[in-house]
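Bear in mind that the values in this text are calculations on the coordinates, not laboratory data. Given the structure is predicted, the values throughout are model-derived calculations rather than measurements. Neighbour counts are summed over all protein chains in view; Cβ atoms, including those assigned to glycine, are modelled from backbone coordinates with ideal geometry.
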Amino acid sequence: MRKKLILHDLAREDAEILLPLESPEYSTFAATPNLRHCVGCFGCWLKTPGKCVIKDRGSDFGALMPLHDEIIVISRMVFGGLSPDVKAVLDRSIGFILPFFRIVNGEMHHTRRYEKSPDLRYILYGPDINDREKETAQKLISGNALNFGAKNYSVSFHSTIQEIKEALA
């Protein structure tokens with residue numbers, strides 16, 4: 001059984017309809033209500049390796065990542081990127097990787113903290129997502145996948161709740 005962690009910014013009503021119940025296979029993490037943003041203190045690298053030092057419910061997200069086989073990110077598309085709430089959670093999980101760098105395909109990326117890295121699946125939604133936004137999102141997510149050491153990743157774009165539900169199936 002593959003363990004999946006779903007990070008989302010869905011409204012509570014939509015989440016109740018779309019997301020599977022917590023189970024041994026699925027865990028969910030709501031990006032709302034908002035978390036404090038990463039302050040760049042490096043505490044997750046130096047003081048509490050792998051865990052954010054800011055004391056709120058977001059401090060454990062990075063530590064949850066290596067416990068799962070797949071991370072599913074459901075986010076509203078904002079100018080070719082993730083919603084501010086989802087981005088805040090992912091920024092706070094930077095302790096999942098190390099502060100050291102490596103060159104991959106001529107680009108600088110972080111090195112992995114853990115041997116095992118989860119696969120990543122991004123489900124982006126919003127009305128009227130254009131091709132330029134899709135291209136920007138695909139580049140961003142490709143970079144995130146390299147940083148997180150994901151061997152497999154995917155991105156899909158959706159305009160309705162029903163499409164998101166089908167993407168989760």
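Out of Ile123, Ile72, report the one residue that is within 25 Å of Thr32 (Cα to Cα), out of contact with any helix residue (DSSP H, G or I) (no Cβ under 7 Å at 6 or more places or on another chain), crowded, with 20+ Cβ neighbours inside 10 Å and not acidic (Asp, Glu).
Matching residue, one of Ile123, Ile72: Ile72.
Please determine whether any residue of the range 95-113 is within 30 Å of Glu13 (Cβ to Cβ) and of a type outside the set (A, V, I, L, M, F, W, C).
The answer is no; no qualifying residue exists.
Taking into account only those residues within the range 126-147 that are in a helix (DSSP H, G or I) and in contact with a helix residue (DSSP H, G or I) (Cβ under 9 Å, 6 or more places away or on another chain), which is surrounded by the most Cβ atoms within 10 Å (Cβ to Cβ)?
Of everything passing the filter in the range 126-147, Asn147 is surrounded by the most Cβ atoms within 10 Å (Cβ to Cβ).
Restricting the search to the range 148-168, which residues are among the polar types (S, T, N, Q), touching a strand residue (DSSP E or B) at 6+ places or on another chain (Cβ under 8 Å) and either under 16 Å from Lys4 (Cα atoms) or part of a helix (DSSP H, G or I) (or both)?
Asn152, Ser154
I'm checking my understanding of the structure. Among residues of the range 106-120 that are in contact (Cβ under 8 Å) with a residue 24 or more places away in the chain and of a type outside the set (D, E, K, R), which one is surrounded by the fewest Cβ atoms within 10 Å (Cβ to Cβ)?
The extreme case among them is Tyr114.
Go through (1) more than 18 Å from the chain's Cα centre (by Cα); (2) of a type outside the set (A, V, I, L, M); (3) farther than 27 Å from Lys134 by Cα one by one and return the number of the condition Ser59 breaks.
(1)
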